[in-house]
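The values are calculated or read from the model by the stated rules, or taken from the named source; none is laboratory data. All values reported here derive from a predicted model rather than from experimental measurement. For neighbour counting, all protein chains shown are included, and Cβ atoms are generated from backbone atoms with ideal geometry for every residue, glycine included.
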Amino acid sequence: MKKEIEEGLANLITLVSRNQDTNKPLADDENPNYLYSTVWTSLLTDIVNGKIDAKYLAGRELANRGLDKNGLWVGFDKAKEIHGIKS
């Protein structure tokens, strides 16, 4: 059972580490496996314990860039609406 879990995890890491369209390895700065590698432990524990809503923060950042949920430009006001960001 442990071996099966380890193999499944290795397969998942491989899938996440590759571009979904080209199947080429992702650059480290695009690889979600490394997303939190430089984040302080206190912030990680706050995310895990529900004190920080990482999904909301990602949506707010997209809204600040004027992007929709697919990364397409829609303008700042529309992006805030899409992501549920209030001024």
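Annotations
- Listing of helices (runs of 4 or more DSSP H) fully contained in the chain that carry 1 or more residues being surrounded by 10 or more Cβ atoms within 10 Å (Cβ to Cβ), at pLDDT 95 or above and of a type in the set (A, V, I, L, M): 41-48, 54-64, 76-83
- Test: residue in region 34-52 that is of a type in the set (Gly, Ala, Ser), in contact with a helix residue (DSSP H, G or I) (Cβ under 6 Å, 6 or more places away or on another chain) and on the phi > 0 side of the Ramachandran plot: no
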